[in-house]
Amino acid sequence: MPTMPQPLAKRRADLVVVASDLRLVVDASAFPFETTVAVAAPASMVGQERAIEALELGLSLRGTGSHVFAAGHPGTGRTSSIASILDRLAPTLPVPPDRVYVHRFADPERPRLLTLGPGHGAALAREIDELRRNLAARIPLLLDERELGRRREALGKRYAAEEEAEIGALRTRAEADQFALVQVDVGGSSRPEIVAMKGGQPAPPTVLDDAGRAKLEAYNEELRELARSSRERQRRFAGDLRGLVAEAAAVLADEEVGDVRRNVDDEAVTEFLAELRDDIVAAVVDLAESGPEALPRLGARIERYRVNVLADRSGQTGAPVVHERFPSRQNLAGSVERVQEGPMSFRADATTIRGGSLLAADGGFLVVHALDLLQEPGAWEALKRTLETGLLEVGASLPGIFGLPRPLEPDPIGVDVKAVLVGEREQFDALWNLDPDFRKLFGIRADFAADMPYGEPALERYACVVAGLCAREGHPPVEAGAVGALVEEGVTRAGRRNRVSVRFGDTASLLREAAHGTRARSGELVSRDDVVGALAARRRREGLIEERMQAMLEEGIVLVSTSGTAVGRVNGLSVYHLGYHAFGKPTRITASAAPGQAGIINVEREARLSGNIYDKGVLIIAGFLRRRYADIGPMTLTASLAFEQSYAGVDGDSASIAEVVALLSELSGLPADGGLAITGSINQHGDVQPVGGVDYKIAGFHALCAARGLDGGQGIVMPHQNVLDLMLDPAIVADVAAGRFCIHAVEHVTDALEIALDAPMAEIDRLVRERLATFSAALADAPGDRPPSGATVQPPSTPIPDAQTP
């Protein structure tokens, strides 16, 4: 790299970032209103046009492969966008049918599914309940009815007269032949028998001659035939009696079922009502045969007639929209409950079937959060199976339980559900890569961005969101300047001044805290100061660890310079991410160098405290040195780089510039400025590359310098690409504007070297080459030790496993 033509001081001044580039200020003048009272609701979701377009397509299509996955961070409007589109789309779709389960009389373990018109399911249930009440009252009266009793008595008399006539004829003929029909006691019971008569008294068969005995046997055979005829007559009597009761029961059943049929005009109930009518008749006949003691069982018999309405569309307009917050397998697919009726007695029938959200969303839309779904055992499989087959099998795959009745097998339900999963991109990627079925089912991905371009549409969107929150949650109206402060915080979260975050969940949380401050001071409007105060209070609540680390820096427990100079020692910058809170702090980076062939030793890697990206950064530094000083031939160097007082893992390459400065300071002997902190990545050619967390890093070093006293010589060296990322605290901006603190934006690592070592690059290169030549000569003079033919800058000889990022 040629020496910079400008004088060093001027070159250094050219790299200083002016105060106006350190923060975007959005004041009240950016808005065409004074308070959010004058702000109307937005016509569309500004900033999410790509996602809205995908949602419009996916929610309008029907079919197996057109289910939707809304991917993005929480708070980006995923759920609200889906709800907004469905509020418009669902009412235009037809109302799905009612679904009910009823008893299947031929196979009670397979309840029958009835698919009825909207509202007909509830109507059928009401009519059947009325029928059950009527049957409970009318059947006992029917059996006690006078006309039925008279007809039963007449039937009994007719059959008794027939039997008496046959017996009388036999008795008359037997008496004419000197025989008699008597009752004979046999083993405690009596039976009719024809016996011989002699002198008006029964006589044994021995008194008869052969002809008499033959005649006696013929009479007894005829008597036995009459007994058989009597039994057949009793069967005919029982059959005629059942027919008599059935005839009366049929009249009752036809009346009750006919009322149901007239009030529920749906062909789907025809077969069920026909079976119901026959079972009513059978129930009355069984009760008549069993007698009054069977009357208590009538309630259980007619309980089977109940209608279980799983999906009632009464009064519904359009297709249903179901948001399932607890997507367990049972909540999605439904279940078959077992009702305990005794200590070891359980019942499961058509009335114990429970529907789930898949049935509730039939003909419409089911919205589920992917993470909730995947955390529930069996839930994803149940959803996937239903979407693939279009059939919902309620209670399917239930494990058998010892001592309980086996699960029912209800008729499967044909459903047409549009599934919408809401999740983050990582969840979509995991499902896409691990489950081929997911790819076939969820063909529409709606990508919700975390930010949008900063400009008038973004300002309008923020104003509308804030106004909507105030209206929904009852907050005081918000001043235009306070909306500007919320926008500034959104820009900070986006990490770039030309972008603004659309994670409005975070904006809502900040607004609630600011509104609390407004009420605490009895204010009527949320002001900019309320928002700024809420941010400061949040930082204080979450900043305990940050404060402890700051105290250790101020007390000198952790060694970091803010003034003076030192050879081989610079200030780097680190970011600590706690999840709920992030902050930056300076850290000391040192380098040492001596003759040798080990190359650059990465102390963090040797201690197994570094991550892969950090290790790559050190290797890139080695490549930069080889390229820059290749003209001197093979380098003989053993150098080490270390993060001092670092006892946890280190990752990332943002310390690369600082490590180059420390190493070249050590090699050149030029002291590095202790009032500077340096951050930035480089490539092997020395070009500076942007890094993350610059705001946190600058704030952390500025806080330490401010605590020790700003002298105008302190500042930051950072990549020029990160200037647009800056949203610094107003106090830092004020110190920069007053010349008490300085921020340098560099394009090449040589810029940072000239600033930190306060010397032209030509001078630095000269001194480094001289030191490397000294090393080479020292190594050449060592007995039995020659430099290798190629470069000696290499990784450590001891292989070390990849470290984990903390």
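The values are calculated or read from the model by the stated rules, or taken from the named source; none is laboratory data. The structure presented is a predicted model; accordingly, all values stated were derived computationally and were not measured. Note that we place each Cβ from the backbone using ideal geometry, even for glycine, and neighbour counts take in every protein chain shown. To get the accessible areas, we keep the full protein, side chains included, count just its heavy atoms, and leave off ligands, DNA and RNA. Shrake-Rupley method; radii C 1.70, N 1.55, O 1.52, S 1.80 Å.
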Given H placed on each backbone N at 1.01 Å, which residues far from THR587 in sequence or on other chains put an amide H within less than 5 Å of it? GLY572, LEU573, SER574
Using θ = phi - 60° and the Karplus form 6.51 cos²θ - 1.76 cosθ + 1.60, what ³J(HN,Hα) does each residue of the stretch 78-84 get, whole Hz, x for Gly and Pro? 4, 5, 5, 5, 4, 5, 5
By the gyration tensor of its Cα atoms, with a ≥ b ≥ c the square roots of the eigenvalues, what is the shape of the stretch 457-543: rounded for a/c under 1.5, prolate for a/b over b/c, or oblate? oblate
Alpha-carbon radius of gyration plus Dmax, which is the widest Cα pair, for the stretch 514-649 in Å: 22.2, 76
May I ask for the Rg/Rh ratio of the stretch 535-590, computed from Cα atoms with Rh as the Kirkwood radius, given to two decimals? 1.05
Number of Lys pairs in the chain closer than 22 Å at Cα, excluding neighbours under 8 places apart unless interchain, is 6
On Cα atoms only, tilt of 694-708 relative to the major axis of the chain in degrees: 60 degrees
How far is helix 456-473 tilted, in degrees, relative to the longest principal axis of the Cα atoms in the chain, given as a value from 0 to 90 rounded to the nearest 10? 50 degrees
Could you work out the relative contact order of the chain, using alpha carbon pairs under 8 angstrom and six or more residues apart, expressed as a whole percent? 17 percent
Return the percentage of antiparallel bridges among DSSP beta bridges fully within the chain, rounded to the nearest 5 %. 60 percent
Using alpha-carbon positions, the gyration tensor of the stretch 646-733 gives root eigenvalues a ≥ b ≥ c; with a/c under 1.5 called rounded, otherwise prolate if a/b exceeds b/c, else oblate, the class is oblate
Across bins of 20 angstrom width beginning at 0, how are the C-alpha pair distances of the chain distributed, in whole percent? 12, 25, 23, 16, 10, 7, 5, 2, 0
With Cβ to Cβ distances under 15 Å as the rule, what net charge do the other residues near GLY390 carry (K, R +1; D, E -1)? 0
Per-residue HN-Hα couplings for the stretch 98-105, Karplus 6.51 cos²θ - 1.76 cosθ + 1.60 at θ = phi - 60°, whole Hz, x for Gly and Pro? 6, 10, 9, 10, 10, 5, 9, 5
Please list, in chain and number order, the residues 5+ apart from VAL688 or on another chain whose amide H is under 5 Å from its amide H, with Hs placed from the backbone. HIS748, VAL749
For the chain, the accessible surface attributable to carbon and sulfur atoms (probe 1.4 angstrom, ligands and nucleic acids excluded) amounts in percent to 53 percent
What does the charge add up to near ARG493, with Lys and Arg as +1, Asp and Glu as -1, over the other residues with Cβ less than 11 Å from its Cβ? -2
Taking N as its residue count, the alpha carbon Rg of the stretch 317-460 over 2.2 N^0.38 Å: 1.31
Once amide hydrogens are built 1.01 Å from N within the peptide plane, the residues lying 5 or more places from VAL422 or on another chain with amide H under 5 Å from its amide H are ALA70, VAL368, HIS369, ALA370
Heavy-atom accessible area per residue of the chain, all protein chains kept, 1.4 Å probe, expressed in Å², is 47 Å²
What's the center-to-center distance, using Cα atoms, between the stretch 404-446 and the stretch 267-317 in Å? 38 Å
Residue span MET197 to ASN498: 0.36 nm per residue of separation minus Cα-Cα distance leaves a gain in nm of 95.3 nm
Zone of ARG540 (label point 7 Å along Cα→Cβ, backbone N under 12 Å): which residues in the stretch 500-534? 533-534
Contour excess over end-to-end distance, with Cα ends at ARG608 and SER60 and 0.36 nm allotted per residue: 191.9 nm
Residue-ordered couplings for the stretch 126-131, obtained by feeding phi - 60° into the Karplus form 6.51 cos²θ - 1.76 cosθ + 1.60 and rounding to whole Hz (Gly and Pro as x), are 5, 5, 5, 4, 5, 4
